[in-house]
Amino acid sequence: MRLVGFQVQMYRCVMDSTWIPVTPLTVLVGKNESGKTAILKALHKLNPFHPEPYHLREWPRGHRGTRSPEQVVCTAEFELSATEEADLLSLLGSPGPLKRLKVTRDYRGALAVVFPASGLADAVPQSARDYVVSHLPTFVFLDEYGIFRGHAILNQVKQRRDEGALTDEDRTFLTILDEAGLDLDHETQTAAAASKEDRQYDLSDAAATLTRKLAAHWTSRRYELDFRVDGFEFFTFVKSERDRALTRLEERSRGFQWFFSFDLMLMHETRGRLKECVILLDEPGLHLHPQAQRDLLERLACYAETNTLIYTTHLPFMVDLKRPEGIRVIGESDAGAVVSEDLGKSEPEAKAVLQAALGIQGRLGRPVAERNLVVEGADDYWFLTALSNLMIRSGLVGLPPDVMISAAGSPSEVTALAAFLAGQHLQVVALYDSDATGTAAKDELVNDWLARYRGGKAAALSVGPAMKVMGREVSVEDVFPEDFYLKHVLEVYKQPLAGAGMTAITLPAGNQMAKRVEAFFHGVGVPFNRSAVARRICEEINRMRSTDHLPTSSKPKVEALIAAINKALE
């Protein structure tokens, strides 16, 4: 059974979260104290590894008069596997189909199974309910991510345990022993009595056991453990596939220690059954540096291959833009915290997180407007500005004066910026080159982002169709004929080309003119900057009085391109 959605009601600061769709890897983005933890805890208590009931003291404050133990706190919907569907239909005596069902739990702790009414018997057998309950995935909640300690003095740890005075370091050390199948009392006793050879053999077997457990749950990065002792002193050594040196756990990098501890804690909390669980992580990676947070995202994605994983964050580097379908934002309303797929409904703090995650905080440093045109590069910005102004000087329709043109820097950044603007309910047109990278980025914007803002004010265009040039790669430079463009290339690069022994440019075969020029320059060992050529061409366009001074083949392409952008803006 796979979790596909849930809803939380009347729990802490959440009156009604509204329905929250779930993907294998889902992130809840929101500011601190926005209700992220409350939502995770309410979901966790639906079916936790360790029993943890709801309490009426968790009822939202200020609503005392409506308190009821029969209030459903969490409703979750699950998708059935083919085997589960067949088993349940047999128990229900129904031909089906039965793809999904819902499970609820109230403040009393009562767990109820809600079957779809269509096609099913009115009286649901207890055996069918029992089957569902026995097949529910187990929910694991983590909000503490301490670094494990692998070194300890055994008799001192035992004394503190017996006195009820264990430290946090002691507890992490005992977790390592527990997962390795070692017993503190036994290890303390054998510290003096057992032969060194037998003791080390037993410890090596325990280390191999824990290594095997870790390998079973983590395939993209492997660890090997080794336990060593010197009397009562216990050491944990670790080596990874990236670093084969056998080094004490405490001497590894802090990032390595964190990831190792994270893996081991998850395995410990699930009692080794880290498969087909619902893993709930509250603010993971909070103390990791940005690159380590990116590494953590990859690790979470691996866990999500065999589990459903939901985590909360207010960190921009913990938002995975490659999986926009899993991003949910938490906002506030008169009814408390609510969750939405609409980025525009997030609080200002959450918007700032998304803005930074989309790569525009600080780096862009430019204003946005109600109407925006996002292009790939600065050369596109210069060309479109100069050509639009030329159209206006010619008495024709150029780009509207209230449209802000932003050069994103690359096709993927066009997608990022356009997605952010669309999420803020601003009007935006994204313009891409008609090549493989431009098409891929455009498809990502349309399919992964704009599909979430149906009815919004966003559009995506490819340069080729916009200029009515079909069937080949096209960039904005292709609005000009080859001889016109190369004339300006030679003006800019006359001296560097002469130094390379070249007095003429012979372009290789291909479609997109700028790429062919770049290929030629690469072949002769001269660096090429297309923006320098764009500035030179725009200087000439700015001196033209009308579009009649453009090359003959350019005028219809320019008019078509500007018209296509304006139509998309409308």
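Just a few scattered comments:
- Taking the range 66-137 and dividing mean pair separation by its residue count, relative contact order in percent (alpha carbons under 8 Å, at least six apart): 33
- Ellipsoid semi-axes in whole angstrom, largest first, where each is sqrt(5λ) of the Cα gyration tensor of the range 152-269: 23, 17, 13
- Among Asn529, Trp382, Ala42 the positive-end extreme of the charge dipole of the chain (Cβ point charges): Trp382
- For the cross-link pairs Lys322/Lys567; Lys322/Lys442; Lys442/Lys555; Lys158/Lys196, the ones whose C-alpha atoms lie over 23 Å apart are Lys322/Lys567; Lys442/Lys555.
- Unit charges on C-beta of K, R, D, E only; dipole of the range 152-269, Debye: 520
- Estimated FRET transfer efficiency when R0 is 30 angstrom, pair Asp443-Asn566 (beta carbons, to 0.05): 0.80
- Charge tally in the Cβ shell below 14 Å around His186, where Lys, Arg are +1 and Asp, Glu are -1, His186 excluded: -4
- Annotation: Cα Rg of the range 10-83 relative to the compact-globule expectation 2.2 N^0.38 Å equals 1.23.
- Summed over qualifying helices (DSSP H, 4 residues or more, each -39500 (n - 2.57)) and divided by its residue number, the chain shows a 222 nm mean residue ellipticity of -12500 deg cm²/dmol.
- Ratio of Rg to Rh for the range 358-570: 0.98 [Cα atoms; Kirkwood radius as inverse mean 1/r over pairs].
- Two-site label geometry, Ala110 and Arg67: point separation in nm, points 7 Å out along Cα→Cβ: 1.9
- Over all other residues within a Cβ to Cβ distance under 14 Å of Tyr131, the charged ones net out to -3, with Lys and Arg as +1 and Asp and Glu as -1.
- For the chain, the share of DSSP beta bridges that are antiparallel, to the nearest 5, is 55%.
- Taking each residue as 0.36 nm, the span from His50 to Glu33 lengthens on full extension beyond its C-alpha to C-alpha distance by 3.6 nm.
- The Cα-based radius of gyration and maximum Cα-Cα distance (Dmax) for the chain are 31.0, 100 Å.
- Relative contact order %, the chain, counting alpha carbon pairs below 8 Å whose residues are six or more apart: 13
- Figure legend: label point modelled 7 angstrom from the Cα of Leu490 along Cα→Cβ; residues of the range 522-547 with amide N under 16 Å from it are 537.
- Förster-model FRET efficiency, 22 Å R0, Glu197 and Lys239, C-beta, rounded to 0.05: 0.45
- Percent of Cα pairs exceeding the 22 Å cut-off, where the set is the range 100-211: 57
- Order of Glu305, Glu79 - criterion: other Cβ atoms within 10 Å of each residue's Cβ, fewest first: Glu305, Glu79
- Computed from the Cβ-Cβ distance with R0 of 22 Å, the FRET efficiency linking Gln291 to Arg222 stands at 0.60.
- The slack in the chain from Asp483 to Arg393, taken as 0.36 nm per residue of separation less the alpha-carbon distance, amounts to 29.9 nm.
Readers should treat all values here as calculations from the given coordinates under stated rules, not as data from a laboratory. Just so you know, these numbers come straight off a predicted model, no measurement behind them. Note that each Cβ is placed from the backbone with ideal geometry, even for glycine, and that neighbours are counted across all protein chains shown.
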